[in-house]
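Data block below; observations after.
The values are calculated or read from the model by the stated rules, or taken from the named source; none is laboratory data. Note that this is a predicted model, so its numbers are computed, not measured. Cβ placement follows ideal geometry from the backbone for every residue including glycine, while neighbour counts extend to all protein chains displayed. What goes into the accessible areas is simple: the full protein's heavy atoms, side chains included, and nothing from ligands, DNA or RNA. Shrake-Rupley method; radii C 1.70, N 1.55, O 1.52, S 1.80 Å.
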Amino acid sequence: MKKPTAPKRPMTASHKAAGDWNPMWDTLESADPDFLEAYLQLRSVPIAKGPLPMKVKELILVAINAATTHLYAPGVRRHIRNALQHGATRAEVLETIQLTTVLGIHACNLAVPILEEEITAFEKATPSRAVKPKASRAKR
């Protein structure tokens, strides 16, 4: 019986299988699959290791994907979804988006509608884990 072999590029395969895939990487994979594999290995280190809880890591990734210099809606959606699954509240995700606006208001234009869509989907899928209601701004 033939033993199954590991994929030649395991990080690429695992990112695709997990849905953590940017379709723009398809071109890079065609052009230089070894470079893409090395990049995916590098970007995976802080996710797999380190003291920050996954919720915080996902909130940071929301900010990166919502940033005016990136504006990558599929990444915003994926990381909002992941942050909610790791226990983030609506207020925490919204504050993350708001902090990103120091680069430009476009972060809110992109990310806030996605947040509302993902909160609705999350609450439908997991009614027992409803996200806390919208919080009013506390006086500082």
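Against the list (1) touching a Cys at 6+ places or on another chain (Cβ under 7 Å); (2) open to solvent by 80 Å² or more (accessible area, probe 1.4 Å), the condition E117 fails is (1).
Answer yes if at least one residue in region 57-76 is open to solvent by less than 70 Å² (accessible area, probe 1.4 Å), polar (S, T, N, Q) and under 19 Å from V131 (Cα atoms), and no otherwise. Within region 57-76, none of the residues are open to solvent by less than 70 Å² (accessible area, probe 1.4 Å), polar (S, T, N, Q) and under 19 Å from V131 (Cα atoms).
Okay, residues lined up against (1) hydrophobic (A, V, I, L, M, F, W, C); (2) farther than 26 Å from T12 by Cβ; (3) modelled with pLDDT of 90 or more:
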| position | (1), (2), (3) |
| --- | --- |
| S30 | no, no, yes |
| P33 | no, no, yes |
| R43 | no, no, no |
| A73 | yes, no, yes |
| I80 | yes, no, yes |
| T101 | no, yes, no |
| A111 | yes, yes, yes |
| E116 | no, yes, yes |
| A121 | yes, yes, yes |
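Among P23, P4, which is loosely packed, with under 14 Cβ neighbours inside 10 Å and touching a helix residue (DSSP H, G or I) at 6+ places or on another chain (Cβ under 9 Å)?
Details: P4 fails: touching a helix residue (DSSP H, G or I) at 6+ places or on another chain (Cβ under 9 Å).
Exactly one residue qualifies, and that residue is P23.
Of all residues in region 64-93, those that are closer than 20 Å to E123 by Cα have Cβ atoms under 8 Å from Cβ atoms of residues that are in a helix (DSSP H, G or I) and basic (K, R), 6 or more apart or on another chain, in A83/K55; H86/K55; G87/K55; A88/K55; E92/K55.
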